[in-house]
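> Pasting a structure below so you can have a look.
The values are calculated or read from the model by the stated rules, or taken from the named source; none is laboratory data. Here the structure is a predicted model, which means the values were calculated and not measured. Neighbour counts run over all protein chains shown; Cβ positions are idealised from the backbone, glycine included.
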Amino acid sequence: MRRYIIEDTRHVPPFNQPASLLTIGIKNLKLHHEEMFVRYFKVAPDLGGTFNSRRELGTVQGPALVYRDSLWFDDEFLDYFMRAALKSKQACRAAIPADDPAFRTYTLPLARGFERTVDASGREICLADLWYFPAGYTNDVLPIVIPGDAEEMGFYSVPDFMTMEQGDLTHYAPLRAIVSIESWVHVYFASIIYGLFGRGSRFDRYVKGHNLFTLNLLWKAVIEQRQLLSTSAVVKVGKGTTIHPTAVITGPAYIGENCSIGPGVFIDNCTIGDNVTLDDGCVMMMSSIGNGCFMPFRASLYLTAVMENTIVAQNTCLQMCVIGRNSFVGAGSTFTDFNLLEQRPIRAANIDGELEEVGQVVLGSAVGHNCRIGAGMVMFPGRMIESDVVMVASPQRRVISRSVTFEESDHHFVGGKTTHKRHYPRPDEKTREEEWDSW
């Protein structure tokens, strides 16, 4: 089988990079696809070609899988699609039901990458850019509608003003997930809601349905003298990693190689990459931390995705945020996640820079790549700081109430033009790309 890739070259704000180059969880999206196909097919299918648009699908030859490289989907979604497609013995295209609670809440807001139509029963479905052709391209394509089969997880006892009196403050954790990465919000949904909540949900369901696995968990808890969710069966730790005995880690969780987990650190349902340092008293809850990150003492992440080689300094609290690679967030900064004045769904920018309601009552903010954010900043919900921005704390700039572009970066006004170069220009700007080392 061959695979054909439709390249999505649109830049995702505020990172100024195509989605395929962004980190989802702790993996680059392009690498995520490669590793997923190896897991499913045992070897990655040969590359048949790359396309700029769907109009080039007519050149697909032989048995082939075609997908857009800005689509994030998990192993379970691919497995369901391929099983149904191979069973049908005809050309197929992945689709999702528009009324599925998880897809309706996380996949469809801010997205332009799905075609809405109806199936034979009249139900509204959304077609994804994921095809299987058993014998080359054909116009006769069968939609394979893939259910999310989500369950509610979250917080079932919160004040009404946190939910706008619409119910509980919960998330939908699906068994199968797909997102078109067109906004930092989609990076958040894919990394945290679909990634970590989804993993937790699948773990809970597996435990409930497999008594032998449950007995093995209990046995490991007795042997290791640990709480059930802190055993080696649910907390995976890479080689060379050191963990202080006073650290508390509950799973399911993954910690990579050569990490350092300091005294009093608390980790709950997190994915942590390689060469990560968490100093004394850090709190990491349902978050993903990329390779090479550094968290000084008492840094706190809550439902937050941090890309590789980034520092979140001491006493900083990030809630429901996405932070790009090679960035620095100064000490004592707080990224808020709740509109105090307007109790309505938070708005965020789509790939065209237009503000849309996300459908979330609580949501943090986003920082691009190669940013330097000074100490003591307060960031309002739904805002963005574009890649390559430097923000120096001052009495005039402590509370960030709107998104900040590169043109508003403080390094233009307080010096440093020669020491802080731009590495992630917008696609319409002619800036020479230079090789550079990580700071």
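> Hey, any hits in region 22-36 for a residue that's outside any loop (DSSP other than H, G, I, E, B), buried (at least 18 other Cβ atoms within 10 Å of the Cβ) and hydroxyl-bearing (Ser, Thr, Tyr)?
Yes, because at least one residue in region 22-36 is outside any loop (DSSP other than H, G, I, E, B), buried (at least 18 other Cβ atoms within 10 Å of the Cβ) and hydroxyl-bearing (Ser, Thr, Tyr).
> Still on this model: Evaluate region 52-72: report whether one residue or more is more than 15 Å from His33 (Cα to Cα), among the basic types (Lys, Arg), touching a Ser or Thr at 6+ places or on another chain (Cβ under 8 Å) and not assigned by TED's automatic domain parsing to the domain that holds Glu354.
No - not one qualifying residue is present in region 52-72.
> Turning to a different aspect of this structure: Every residue in region 349-395 that is assigned to a strand (DSSP E or B), within 24 Å of Arg422 (Cβ to Cβ) and under 21 Å from the mean Cα position of the chain (by Cα), please. Outline the logic, then answer.
So in region 349-395, the residues assigned to a strand (DSSP E or B) come out as 349, 355-357, 362, 366-367, 372-373, 378-379, 384-385, 390-391, 394.
From what is left, the residues that are within 24 Å of Arg422 (Cβ to Cβ) are 349, 366-367, 372-373, 379, 384-385, 390-391, 394.
Scanning region 349-395 gives Ala349, Ala366, Val367, Met379, Met384, Ile385.
> Of all residues in region 239-297, count the ones that are in a loop (DSSP other than H, G, I, E, B), under 23 Å from Ile193 (Cβ atoms) and among the hydrophobic types (A, V, I, L, M, F, W, C).
5
Quick grid of which residues meet (1) aliphatic (A, V, I, L, M); (2) within 20 Å of Phe189 (Cα to Cα):
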site: Arg10; (1), (2): no, yes
site: Arg54; (1), (2): no, no
site: Phe73; (1), (2): no, yes
site: Met82; (1), (2): yes, no
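> Tell me which residues, restricted to region 19-50, are more than 23 Å from the chain's Cα centre (by Cα) and closer than 30 Å to Asn370 by Cα.
The one that is more than 23 Å from the chain's Cα centre (by Cα) and closer than 30 Å to Asn370 by Cα: Thr50.
> Select from region 68-104 the residues that are in a strand (DSSP E or B), over 19 Å from the mean Cα position of the chain (by Cα) and farther than 28 Å from Phe203 by Cα and list them in ascending order. Can you show your working first?
If we filter region 68-104 for residues that are in a strand (DSSP E or B), which is where we start, we get 68, 71-73, 92-97.
Then drop every residue that is not over 19 Å from the mean Cα position of the chain (by Cα), which leaves 92-97.
Listed by number, the residues that qualify are Cys92, Arg93.
> Right, something else. Identify all residues within region 306-321 that are among the aliphatic types (A, V, I, L, M) and either under 12 Å from Ile272 (Cβ atoms) or not in a strand (DSSP E or B) (or both); write none if there are none.
To start, the set of residues in region 306-321 that are among the aliphatic types (A, V, I, L, M) comprises 306-307, 311-313, 318, 320.
Listed by number, the residues that qualify are Val306, Met307, Ala313, Met320.
Listed here are the residues, each with its yes/no results for (1) in contact with an Asp or Glu (Cβ under 7 Å, 6 or more places away or on another chain); (2) closer than 27 Å to Phe380 by Cα; (3) at pLDDT 95 or above; (4) β-branched (Val, Ile, Thr).
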{"site": "Ile255", "(1), (2), (3), (4)": "no, no, yes, yes"}
{"site": "Asp268", "(1), (2), (3), (4)": "no, yes, yes, no"}
{"site": "Met286", "(1), (2), (3), (4)": "yes, yes, yes, no"}
{"site": "Met307", "(1), (2), (3), (4)": "no, yes, yes, no"}
{"site": "Val312", "(1), (2), (3), (4)": "no, yes, yes, yes"}
{"site": "Ile323", "(1), (2), (3), (4)": "no, yes, yes, yes"}
{"site": "Val329", "(1), (2), (3), (4)": "no, yes, yes, yes"}
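> Which ones in region 322-348 are of a type in the set (S, T, N, Q), in a loop (DSSP other than H, G, I, E, B) and more than 20 Å from the chain's Cα centre (by Cα)?
To start, the set of residues in region 322-348 that are of a type in the set (S, T, N, Q) comprises 326-327, 333-334, 336, 339, 343.
Applying the additional criterion that residues be in a loop (DSSP other than H, G, I, E, B) yields 326-327, 333, 336, 339, 343.
Passing the criteria: Ser333, Asn339, Gln343.
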